[in-house]
Amino acid sequence: MDDVENLVDGNEWSSESSKKESCHVQSNTNSQSQRSRSRSKSKLRAGYEEGNELFDDCKFAEAFKKFTLVYEGRKSSLGPDNPETLEAKNRMAMALDADGKYSEAFKLYSEVYQGRKRVLGDDHLDTIQTQHDLAALRANQQKYDIAVNLFEEIYEKRRRILGKNHPDTLMTLHELASALDDSGKRKEAYKVYTQVYKSRQKVLGEEAAETLETGHELASNLDELDRQEEALELYRKVWEGRQHVLGKEDPL
């Protein structure tokens with residue numbers, strides 16, 4: 001009887017020991033997997049930052065390659081519709097756009113826009129930003145009617161979500177004025193430029209870079225409308241503002 005009990009106890013001990021060893025092996029495997037994922041994520045994050053640095057240095061082709069590697073890595077580990085994957089793809093589009101490869105950039109922007117609409121929603125700020133990038137690209141392609149329609153839609157969204165005087169809302173309104181101006185609709189552009197200029201003066205200040213930029217574009221618009229005296233006065237005001245902010249030696 002004792003022998004049987006000892007045998008049973010021994011089997012139980014052996015079973016417990018086996019379970020512990022199995023759990024230990026499983027724990028080690030999980031830890032190794034977590035460390036591997038952590039290293040991969042860190043590598044992708046570093047690649048993303050390198051891509052941003054290359055982009056800021058105007059090395060757009062190199063930035064595109066770096067962002068592509070990040071995108072492929074994130075797509076593999078996180079899935080194609082993960083927000084971080086879509087962000088990397090958006091950066092790829094931006095690099096192509098900045099490099100003047102508008103058709104390729106349009107394709108990627110469109111895919112990101114549809115992905116963000118599906119995952120984040122139509123009114124998410126990231127979705128709206130990609131739509132804004134698409135509108136700006138259309139303007140660069142001289143497809144001004146499409147650009148104007150898009151900018152008007154984006155402006156309404158940003159005005160509703162962020163408020164009419166939010167810097168992003170005013171940026172969209174400025175781009176709308178620019179698209180109208182470039183399409184030859186000078187009087188319509190004048191009204192929008194004037195609205196943006198006054199709002200930026202109020203929100204950002206007289207000598208903010210964005211305010212001076214809109215002032216310069218408004219002066220150019222006035223010149224095109226044969227209102228030279230007003231244009232000259234505004235050009236002088238912008239020039240003096242830039243001198244004060246940037247210094248007399250700055251080329252702007």
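Couple of notes before you dig in:
- Relative contact order for the range 94-156, counting Cα pairs under 8 Å that sit 6 or more residues apart, in percent: 25 percent
- Here the 3J(HN,Hα) profile of the range 178-195, calculated from phi with Karplus coefficients 6.51, -1.76 and 1.60 at θ = phi - 60°, is 5, 5, 4, 4, 5, 7, x, 8, 5, 5, 5, 4, 4, 4, 6, 4, 4, 4 Hz, Gly and Pro shown as x.
- Low-density loop positions, GluC sites (Glu not before Pro), the range 155-252 - DSSP coil, at most 12 other Cβ in 10 Å: GLU249
- Expressed as a whole percent, the accessible area of the range 85-126 that falls on carbon and sulfur atoms is 49 (1.4 Å probe).
- The range 191-231 and the range 35-106 have Cα centres spaced 36 Å apart.
- Among the trypsin sites (Lys or Arg not before Pro) in the range 164-252, those located in a DSSP loop and surrounded by at most 10 other Cβ atoms within 10 Å of their own Cβ are LYS248.
- Per residue, in Å², the accessible surface of the range 153-252 once ligands and nucleic acids are set aside, probe 1.4 Å: 59 Å²
- When each of LYS117/LYS143; LYS101/LYS237; LYS66/LYS237; LYS43/LYS143; LYS66/LYS202 is checked by Cα-Cα distance, pairs over 32 Å: LYS101/LYS237; LYS66/LYS237; LYS43/LYS143; LYS66/LYS202
The values are calculated or read from the model by the stated rules, or taken from the named source; none is laboratory data. Quantities reported herein were computed from a predicted structural model and do not represent experimental measurements. Note that we place each Cβ from the backbone using ideal geometry, even for glycine, and neighbour counts take in every protein chain shown. The protein model used for the area step is the full one, side chains on, heavy atoms only, and it has no ligands, DNA or RNA in it. Shrake-Rupley method; radii C 1.70, N 1.55, O 1.52, S 1.80 Å.
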